[in-house]
Structures are given as structure tokens and as C-alpha cells.
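Just so it is clear, none of the values below were taken in a lab; they were calculated from the coordinates. Treat the numbers as computed from the prediction; the structure is a model and nothing was measured. Cβ: placed from backbone, ideal geometry, glycine included. Neighbour counts: every protein chain shown.
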Amino acid sequence: MLLIKCLKWLWKDRIDFYTAGDLRIYYSPNQKRNENSRGPDFFVVLGTERKTRKSWVVWQENAKYPHVIVEILSPTIAKTDRESKKELYQYTFRTPEYFWFDPYTL
């Protein structure tokens, strides 16, 4: 929430971005609603309308994927963030900026 609030304040005059946290991203119409979707801890999409959404549906958003993704690491999901999510964000989403933050080691 801190990242989202800070970015919205910093870009308060901009209407061409969307930011959210823990919001599902659907990137293929073949996905099942609760399977194979990803909900990054924080993400930003540029060049889009700044409005409320219940999920990010790529094929309904002019094929736009996040430009920035941040995952907060925890012992239970750190391996997933570093492996399968990284691969998805790198090769399918082609997200230019992907960061991990470990709150225990900073």
C-alpha cells in the first residue's frame, strides 16, 4: 500500500498509468479465473487509463502488461517469486523492471 499511495501522490496530476497491489493479472483467455493467474504485490502499467479495476485483463487493456512489478519475499513463496514468477514476467509479460524485496534482509 505504501508504494501505491506514494506513486499516486507523486503522479497525482497524471492520468496515464495504473497501479495496484495483489490484483490478479489475466494474460490469456484460456486461463481459468482462479488458476494460472498472478497477483503481484505491486505493479504499474503505463499508457493506460487511471480507473478502478477488479483485475487486470491484458486482452481487454490493449495487450498492455505491467512495466514494473515488485514482489515482497516471504519464506513460503520466495522460491516461486524467484523462479516461476520471474520466468512468467520475463518471457510472457516481458516486464522491463522486476524487483524482489526481502523485508528481513532489506
Item checked: Förster radius 25 Å - calculated FRET efficiency between S84 and D22 (Cβ-Cβ, nearest 0.05) -> 0.90
Notebook entry, point to check: What stretch of the chain, leaving out the sites themselves, is the longest with no GluC sites (Glu not before Pro) in a DSSP loop having at most 10 other Cβ atoms within 10 Å?
Noted result: 36-82
Item checked: Point-to-point label distance, I15-S74, nm (Cα→Cβ direction, 7 Å offset) -> 3.7
Note to self: For segment 2-101, give me the percentage of DSSP beta bridges that are antiparallel, rounded to the nearest 5 percent.
What the structure shows: 55
Checklist line | Residue order, fewest to most beta carbons within 10 Å, for I69, I4 | finding: I4, I69
Next item on the list: For the chain, with a Gaussian network of springs between Cα atoms less than 10 Å apart, report the residue from D41, D16, D81 with the top mean-square fluctuation.
Entry: D16
Notebook entry, point to check: Given N residues in segment 41-95, what is Rg(Cα) / (2.2 N^0.38 Å)?
Noted result: 1.23
Margin query: How would the chain be classified by its alpha-carbon gyration tensor: rounded, prolate or oblate, with rounded meaning a/c under 1.5 and the a/b versus b/c comparison settling the rest?
Written below: oblate
Margin query: Mean-square fluctuation check for the chain, GNM, Cα pairs under 10 Å: which of A78, A20, A63 is largest?
Written below: A63
Check: For the chain, what is the calculated [θ] at 222 nm in deg cm²/dmol (nearest 500), taking -39500 (n - 2.57) for each run of four or more DSSP H residues and dividing by its residue count?
Finding: -4000 deg cm²/dmol
